[in-house]
Amino acid sequence: MNRIAAKFAELRKLNRAAFVPFITGGDPDLETSFKILSRLPAAGADVIELGIPFSDPMADGPINQASYLRALKAGMTLPKLVELVRRFRKSEATTPVVLMGAYNPIHAYGTARFMKDAADAGVDGLLIVDVPVEEDDVLRAPALAHGIDIIRFLAPTTDAARLKVVLEGAGGYLYYASIAGITGTRSYAESDVRAALARLRAATKLPVVVGFGIRTTEQASEIARFADGAVVGSAIVSRIESHVAGGTKSADLVADVVEFCAALAKSVHAAVKDSVLG
């Protein structure tokens, strides 16, 4: 059982949802990013999504796009991101790490070489937003050979026929985007997300986490009552951005971001679930 499967099995026994924070690797710089990453498990992160900096990202709104540019300006590269995970694994062996982003940096790295290096470093899953399911065998075959899960996106527009295609070869968990559009722009309708998750659970046993539009502890708690996990990204990244803009010292930036993540985790973990997970 890999780290992702083990984590969701543990949470299922506890009848609890996962808190899944997203940060961009190398934002606002490598060392500050590492300090945040290394403190997330103790703050309550169950799974960590780590953004792959790229100059032309898809699905991400202006907040996350700006974080990619900050990271790139600070010298972040995909090899350095792999080493960031390797460094993280020296002190944290159980918290799953999922890399999220576009395929271009992986292609430039060399897909087969990347999968081997990522697995060796301790990466557990990939969320690649710009490769259609019909074409992702270029990722899936080498990923599976090295025990890395290919995690698939689902959207409010995913119909029954498309869902069947998306589920073929999906691993780890499913990421349900609660809104149609880009990250960090608007919020979700709870009734719509509940209905979508009920439909998904009738079709798969994979855990379903919900992202896009979750910005507050209250929203995170609400989602945690009926989803297998709540992903918070833009709200965390925007907190980093505000500190960078204000010239905050690195130690104070890290402390505030980790404190915010701890509050989000507490709200997710305290949520009383409407039904048993998955």
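Any read-out appearing in this document is the output of simple, stated calculations on the displayed coordinates, not a laboratory observation. Everything numeric in this text was worked out from a predicted model, so none of it was measured. Cβ sites come from the backbone with ideal geometry, for glycine too, and all protein chains shown count toward neighbours.
Within the range 17-51, being aliphatic (A, V, I, L, M) and assigned to a helix (DSSP H, G or I) holds for Leu30, Ile36, Leu37, Leu40, Ala42, Ala43. Here Leu30 clears all of (1) within 19 Å of Ala255 (Cα to Cα); (2) free of Cβ contacts under 8 Å to residues at least 60 places away in the same chain; (3) crowded, with 22+ Cβ neighbours inside 10 Å except the condition numbered (3). Can you find even one residue in the range 35-56 that is buried (at least 19 other Cβ atoms within 10 Å of the Cβ), under 16 Å from Ala245 (Cα atoms) and within 19 Å of the chain's Cα centre (by Cα)? Checked the range 35-56: no residue is buried (at least 19 other Cβ atoms within 10 Å of the Cβ), under 16 Å from Ala245 (Cα atoms) and within 19 Å of the chain's Cα centre (by Cα). Select from the range 130-161 the residues that are buried (at least 17 other Cβ atoms within 10 Å of the Cβ) and assigned to a loop (DSSP other than H, G, I, E, B) and write down the one among them that is nearest to the chain's Cα centre (by Cα). For the range 130-161, the residue satisfying everything is Ile151. In the range 97-129, the residue that is surrounded by the fewest Cβ atoms within 10 Å (Cβ to Cβ) out of those that are without any contact (Cβ under 8 Å) to a residue 60 or more places away in the chain and part of a loop (DSSP other than H, G, I, E, B) is Gly110.
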